[in-house]
Structures are given as C-alpha cells and as structure tokens.
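Scroll down for the structure; my scribbles are underneath it.
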Amino acid sequence: MEFLKINHLKVYYPIRGGFFRRVNDYVRAVDDISFELRSGETYGLVGESGCGKTTTGRTVIGLIKATAGEILLEGKDIAKLSSREFSRYRRDIQMIFQDPYSSLNPKKRVLDIIAEPLRNFERLSPQEEKRKVQYFVEKVGLHADSIYKYPHEFSGGQRQRIGIARALTLNPKLIIADEPVSALDVSVQAQVLNFMKEIQKEFQLTYLFISHDLGIIRHMCDRIGIMYRGQFVEEGTSEEIFNNPQHIYTKRLISAIPNADPQKRKEQLALRKQVEEEYTNSFHQYFNHDGKAYRLKRISETHSVAIL
Amino acid sequence: MKTELNHSQQTEIQIEKSPSSLSILWREVVKDKLALVSMILLALILLVVYGSAIFLDQEKIVKVDLLSIYAPPSSEHWLGTDYGGRDIFGQLIIGARNSFTIGLAITLISCLIGLIVGLVAGYYGGVIDNIIMRVIDFILVLPFLMLVIVFVAIVPKYNVFTFILIMSAFLWTGKARLIRAKTLAERELDYVSASKTLGTPDWKIISREILPNLSSIIIVNLTLNLAGNIGIESGLSYLGFGLPESTPSLGTLVSYATNPDVLQNKWWVWLPASLLILVMMLCINFIGQALKRAADARQRLG
Ligand SMILES: Nc1ncnc2c1ncn2[C@@H]1O[C@H](COP(=O)(O)OP(=O)(O)O)[C@@H](O)[C@H]1O
Ligand SMILES: [Mg+2]
C-alpha cells in the first residue's frame, strides 16, 4: 500500500460577485490530479507560479477543502473528514511554510512557538516541555537559549529552522514543504536544504516538496510531478525528468534553469531558443484548444506524459 | 549546579531584552512631552476626584438649601452654590467621578462586545460574518440620539446602569467593525495556518494567537473612545436625556448654563465643570494620539 495516494483531486475556488455575492464561476486551481508518495521519498511538485502547487499542498494537510477526489493516507481517505475526525491524522502530516516571517507569531517566544503542538497533543510538565523544545532547537542548529527570544531576533534562515523544529515536535510521517527556501538568501538556501535532507534520514520523513525552482527540485527530489494550470503534464523519476523530458512544457522549464558555467552559456542560449521555437510550433500537439494539457499517458514503468 | 544558575541568569537577561509591545508603546508615549504632561495632569485630576469623592456625602450635597441659593464662592462653598443652594464643588467632584466612571464603563463594555463579535466575524468569515455585518449595518442606520431619548422615556427605572447598558448597546458596532477588519487581515497570515496544522482549536487561535497581535490597536482605540464617551455622557445630560438630577454629573452642571442669567452672571455654576470636561477630554485625546503614533511607527518599523 502506498503511503499517500492522491486520486483525481480537484480544488475549485468559487468566484463570487454581483448581487448577494452569488457564485459566478470557479478558479480551477487544481483540476484532477493523481499521484502517490512512497514512504521515505521526496516527491517534488514543480510548475510556474499560480499553477496550483500551494493549493495542492494545503489541501493535503487539510487547510483547504477538496472539491472532489480522494486523499488516502495509508489507505484511509482523509479528504472528506470533518476537522474533528481529521485531528487523529494531524500529527502525521506537518507543514513547513514559505514565508519564515509571517509563519511565526511575532508575539510569542520561540519556546511557546515550538511547544504549541506539544500543548495540543501531549500533557507534559513545564520541565519536560522545555527539555523537549530545547532538544529540537539544538537539533535544528540553534542555541538552547534561543527559546526565550522572539522571532524578530532571528534571521530568515534561523526562522525557517524554528519552523522546521515546530513541525518536527509531533514526530510526523509526512512533511509538506511549500517553497521552504524561496524567501531566503541564496547563500543560506543550500544550508537549509541540506539540513532538511539530514533530518529526513534521521526522522524517517516523507517530503512533499513544492518549488518553482527546478535546480532545487533536482537537488532534493526522488520523483517529480510537473504541474501546468492545475494539471500534471509529466511525472517521473528525477533522472527521467531531467535527462529525458518528453513534454514540451517540461523541456521549456529545464532549458530555463540558469547555468553557472559561463562556457556553456552560449550553448544554453541556443538550446533555449530552439525549445522556445518548438514550444510555439508544436503547442497544439501538447495542449487542446482550451490550452489545457491532455491526460497522462504511461510511457514506462515510472514515467508518464500528457500527450495524445 | 553553578552552570545551571548561570543559565537562569542568562535567560532572565534575555527576557528583559525582548520587551512586550505594550511596554514599547508605553516608552514611546512617555517620550512625547505633550502626552506625558497630559498623563500626569489626568492622573492628578483622577486622584483628586476619586480621592475626595470618598469623603463627600452625596446625600448632603444634593440636598436643597433654600438659604444659600446662588451663593458666590466663599470659604464655606468653595465654588458657590446652584439654584437649590447645593454646593457646586461637591457636585463637581461627585459629577466628575460619575462622568468618568460611566465613560470608562461604556468604553470597556462596548469594547468587550465589539472585540468578541469582531474576532468571531473576522476569523470565521462566510455566513457568520455576513449575518453579523448585516446586524451591525442595521444598528448603524438607527437614529442613535432619538432612540436614546425614547429609551430614557420608556425605561421605568432609569439610572446609571441602564444608561451604561443603553449606550454600550449602540457603541460596540464601530469597535466590532474595526476588529473584524484587522482579524480578516491577520487570519490570512501563515502563523494562523500553522496553528491550524498544529491542531490548535479555533478559540485558542483567536484568543492566544490573533488577539495579542491586535493589542496595540485595541489600546489606542480604547483611549480615543474613552474621551468621546465622557463627552457623550456630558452631552446627553446637558440635553436632559442623561442622568437624573439626583445623580450629579458634569453634564448636569453645564446644563445650568441654559439659563441666561446663570450663563452671564453666575459663572461659578457652569464654568468649572465645562473646563474640567475640556481638560479631561483633551488629556485623554493627547494620550490616545500619542499611542496611535507610537503604534503606527512600530508598524512601519516592522
Ligand atoms: N483563496 C483563493 N481564492 C481564489 N483563488 C485562489 C485562491 N488561492 C489561490 N487561488 C488561485 O488558484 C490558482 C493556484 O494558486 P496557488 O495554488 O497559490 O499556485 P502556486 O502555489 O503554484 O503559485 C491561482 O490562479 C490563484 O490565483
Ligand atoms: Mg505557491
């Protein structure tokens, strides 16, 4: 049995307007996607801004209600649970947020921030609680005394580590990381990412890793799903996606990765031009007349592409 | 053992290093000279008013004494007497105490209602918010002054408590709107989402996560409203729809000035009360403005 299986998930946001704020139309933020996560792997969701990655992640963790479809966590559908029933699965799924500034309450000390989940689920004495919080604070590479400080006394990278410590306290199985480093300086991005890899081994975590940056995805992920306007256009192992991309949209994303090597810049520029040309010429081969992708078709055991 | 001691000392220093937003607000206001003077003056007035009110006998003060009608200030009656020979100074002290207490009570009650309603509407949104906002809209279109006058006429036992309740019933709406708007903005922030994913129940998110982030807005609004509410009480009493004459208030004293003879020739009846209202409202307003500036500046600085 798969650890997490998403079946035909749809999330529509109503657009209200006019008299009595009636629902006029829907934003089809996530429009029928299916994928699965195996225990211990890192699954990457990639796509340009607005393609529905955040919505997918937040629906899996229950912050947004699914319009249709199933979310099976170890075989149990958690998509249709009421929030009270959901609380049993709360501990298993945690989230690392994109913005390290707004995701920590500025009025709370680090101790109270990290102890929040403990206070909800465990009855600990203040000493035990403090010891546990300090353990996680040191685990994420901060000084034990940090627990008496407020978030504004930390840098972005440190704040993100506090957020990670908070997510770890309940011993979750799945962590949804929604662009966890996109708000950080490039110099600290690698630090935080490598740290996430370390704790993945130590705590046996499964990651649903969301990013618009293919370079980061390549560094982190075992398998990857490419999203375009609420749908998948390609899915495969990291190897397959980067070495043998099939969909034109995937090729375009990959060709847009900046290359650090100046010698190869010219080469890449030529490649980018070529892909761009192919994209305009063969658009209708890959998208229907509404500009939507076709259904995924399996081309190998692990590799699927949305083509006719 | 020694290291542990050291440790707790360090933590104490760190707790000092991170002052709460309220103490920052306080520091900013104290730096403002006008606000500081206002604060000291207001504290003095309140000290005198509440201090000497303990020693004054309200029964004796409101008792009519026909032998000393409209007596000018003297050593016996420091601020003279009114048309019933009642001591103005005594009425001024008791009246100021009543007016301030009533203003404060109205402010606190309406703030509490507005806070709860605003937080609930803003946090849950949707249908709950819609219903609450329609109710508030309805209350806001009611002619406030006219209804208060009607209430005064129909409520059989009209006293300080009914007055406070009637006023609060109207005045919570503005506060509720303000708090709702702020809550709407606050709940979109990720720390609220984080609390949800950490299994924190809604009432706790509202009271322990969102509410502390609204504290400076609440303090500022409370202060500015207090000035207004003292004014409202005096205004209504002046119009004759406030408190009964047996309960001295600043508004009642000022209303004696409707008699042209009193207005022109007997300044001691109405002038002290008018000045006291003016000074109190100005002081509170200056403090409120300074708080507002401090809160805004803090927001700008992040
Ligand atoms: N609360 C919302 N109400 C209406 N539309 C929304 C809401 N949140 C997101 N959307 C829309 O849904 C689409 C997907 O958004 P999102 O999941 O945030 O994308 P991504 O994370 O990939 O940038 C976007 O078109 C966005 O405008
Ligand atoms: Mg996003």
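The values are calculated or read from the model by the stated rules, or taken from the named source; none is laboratory data. The structure presented is a predicted model; accordingly, all values stated were derived computationally and were not measured. FYI the Cβ positions are ideal-geometry reconstructions off the backbone, even for glycines, and counts take in every protein chain you see. Only protein heavy atoms, including side chains, enter the accessible area calculation; ligands, DNA and RNA are left aside. Shrake-Rupley method; radii C 1.70, N 1.55, O 1.52, S 1.80 Å.
As an exercise: evaluate A:T56 against (1) away from ligand 1 (no atom under 15 Å from the Cβ); (2) β-branched (V, I, T); (3) not in a strand (DSSP E or B) and give the number of the one condition it does not meet.
Going through the list (1) away from ligand 1 (no atom under 15 Å from the Cβ); (2) β-branched (V, I, T); (3) not in a strand (DSSP E or B), A:T56 breaks only (1).
Kindly list the number of the only condition in (1) outside any strand (DSSP E or B); (2) at negative phi; (3) within 16 Å of ligand 1 (Cβ to nearest atom); (4) more than 11 Å from chain B (Cβ to nearest Cβ) that fails for A:G50.
Tallying (1) outside any strand (DSSP E or B); (2) at negative phi; (3) within 16 Å of ligand 1 (Cβ to nearest atom); (4) more than 11 Å from chain B (Cβ to nearest Cβ), A:G50 fails exactly one: (2).
Count, please, the residues in region A:180-213 that happen to be within 16 Å of ligand 1 (Cβ to nearest atom) and crowded, with 22+ Cβ neighbours inside 10 Å. Full working, then the answer.
Residues of region A:180-213 that are within 16 Å of ligand 1 (Cβ to nearest atom), as a first pass: A:180-183, A:208-213.
Remaining after also requiring crowded, with 22+ Cβ neighbours inside 10 Å: A:180-181, A:208-211.
Total satisfying the criteria: 6.
Hand me the list of helices (runs of 4 or more DSSP H) wholly inside region A:153-271 holding 3 or more residues that are in contact with a Phe, Trp or Tyr (Cβ under 8 Å, 6 or more places away or on another chain) and away from chain B (no Cβ under 14 Å). Talk me through it step by step, then tell me what you get.
Working: elements: A:156-168, A:186-203, A:214-220, A:238-243, A:248-255.
Passing ranges, in order: A:214-220, A:248-255.
Sort through B:G228, B:G240 and tell me the only one that's small (G, A, S) and surrounded by fewer than 16 Cβ atoms within 10 Å (Cβ to Cβ).
Values: B:G228 fails: surrounded by fewer than 16 Cβ atoms within 10 Å (Cβ to Cβ).
After ruling out the rest, the residue left standing is B:G240.
Among the numbered criteria (1) away from ligand 1 (no atom under 16 Å from the Cβ); (2) out of contact with any Gly (no Cβ under 9 Å at 6 or more places or on another chain); (3) under 23 Å from A:I226 (Cβ atoms); (4) open to solvent by 10 Å² or more (accessible area, probe 1.4 Å), which single criterion is violated by A:F3?
The failed condition is (2).
List, please: which pairs have Cβ atoms under 8 Å, are six or more places apart or on different chains, and start with a residue in region A:95-116 that is more than 9 Å from chain B (Cβ to nearest Cβ) and end with one that is among the charged types (D, E, K, R) and assigned to a loop (DSSP other than H, G, I, E, B)?
A:V110/A:K149
Residue by residue through region A:53-64, note down the ones that are within 16 Å of ligand 2 (Cβ to nearest atom) and either open to solvent by 60 Å² or more (accessible area, probe 1.4 Å) or at the interface with chain B (Cβ under 9 Å from one of its Cβ atoms) (or both). Spell out how you get there, then give the answer.
Residues of region A:53-64 within 16 Å of ligand 2 (Cβ to nearest atom): A:53-61, A:63-64.
Hits for region A:53-64 are A:R58, A:I61, A:L63.
Which count do you get for residues in region A:65-91 that are surrounded by 17 or more Cβ atoms within 10 Å (Cβ to Cβ), more than 10 Å from every other protein chain (Cβ to nearest Cβ) and part of a loop (DSSP other than H, G, I, E, B)?
Qualifying residue count for the region: 4.
Name the residues in region A:162-178 that are within 16 Å of ligand 2 (Cβ to nearest atom) and touching an Asp or Glu at 6+ places or on another chain (Cβ under 8 Å), would you?
Selection gives nothing.
Can you work out which of the residues in region B:1-33 that are within 19 Å of B:R293 (Cα to Cα) and part of a loop (DSSP other than H, G, I, E, B) is modelled with the highest pLDDT? Give the derivation first.
Of all residues in region B:1-33, those within 19 Å of B:R293 (Cα to Cα) come to B:19-33.
Add one more test, that the residue is part of a loop (DSSP other than H, G, I, E, B), and what stays is B:19-20, B:32.
Numbers: B:P19: 55, B:S20: 66, B:D32: 87.
Per the criteria, the residue is B:D32.
I'd like the full set of residues that are open to solvent by less than 100 Å² (accessible area, probe 1.4 Å) and either at pLDDT below 80 or over 16 Å from A:S255 (Cβ atoms) (or both), limited to region A:284-293.
Residues of region A:284-293 that are open to solvent by less than 100 Å² (accessible area, probe 1.4 Å), as a first pass: A:286-288, A:291-293.
A:F287, A:N288, A:G291, A:K292, A:A293, listed by residue number.
Just need a number here: residues in region B:34-88 that are under 23 Å from B:T258 (Cα atoms), touching a Lys or Arg at 6+ places or on another chain (Cβ under 9 Å), open to solvent by 30 Å² or more (accessible area, probe 1.4 Å) and outside any loop (DSSP other than H, G, I, E, B).
Adding up the residues that qualify gives 1.
Among the listed residues B:A153, B:A121, identify the single one that is in contact (Cβ under 8 Å) with a residue 40 or more places away in the chain and either aliphatic (A, V, I, L, M) or open to solvent by 30 Å² or more (accessible area, probe 1.4 Å) (or both).
On the way: B:A153 fails: in contact (Cβ under 8 Å) with a residue 40 or more places away in the chain.
None of the others qualify; the one that does is B:A121.
Suppose the filter is more than 10 Å from every other protein chain (Cβ to nearest Cβ) and assigned to a loop (DSSP other than H, G, I, E, B); does A:G141 pass it? Full working, then the answer.
On the way: more than 10 Å from every other protein chain (Cβ to nearest Cβ): yes; assigned to a loop (DSSP other than H, G, I, E, B): yes.
Criteria met by A:G141.
Take the conditions open to solvent by 10 Å² or more (accessible area, probe 1.4 Å), away from every other protein chain (no Cβ under 14 Å) and either over 26 Å from A:P151 (Cβ atoms) or away from ligand 2 (no atom under 16 Å from the Cβ) (or both) and apply them to A:S125. Does it pass?
Details: open to solvent by 10 Å² or more (accessible area, probe 1.4 Å): yes; away from every other protein chain (no Cβ under 14 Å): yes; either over 26 Å from A:P151 (Cβ atoms) or away from ligand 2 (no atom under 16 Å from the Cβ) (or both): yes.
Against the criterion (open to solvent by 10 Å² or more (accessible area, probe 1.4 Å), away from every other protein chain (no Cβ under 14 Å) and either over 26 Å from A:P151 (Cβ atoms) or away from ligand 2 (no atom under 16 Å from the Cβ) (or both)), A:S125 qualifies.
Would a scan of region A:30-38 turn up a residue that is within 12 Å of ligand 1 (Cβ to nearest atom), among the charged types (D, E, K, R) and at pLDDT 95 or above?
no
In region A:170-190, which residues are under 24 Å from A:S39 (Cα atoms) and among the polar types (S, T, N, Q)?
Hit for region A:170-190 is A:N171, nothing else.
Taking the condition of being away from ligand 2 (no atom under 16 Å from the Cβ) and either within 14 Å of chain B (Cβ to nearest Cβ) or in contact with a Leu (Cβ under 6 Å, 6 or more places away or on another chain) (or both), how many residues in region A:7-31 meet it?
7
Any residue in region A:51-63 that is closer than 14 Å to A:I96 by Cβ sitting within a Cβ distance under 8 Å of a residue that is more than 9 Å from ligand 2 (Cβ to nearest atom) and charged (D, E, K, R)? List the pairs, counting only those 6 or more apart or interchain.
Final answer for the pair search is A:L63/B:K196.
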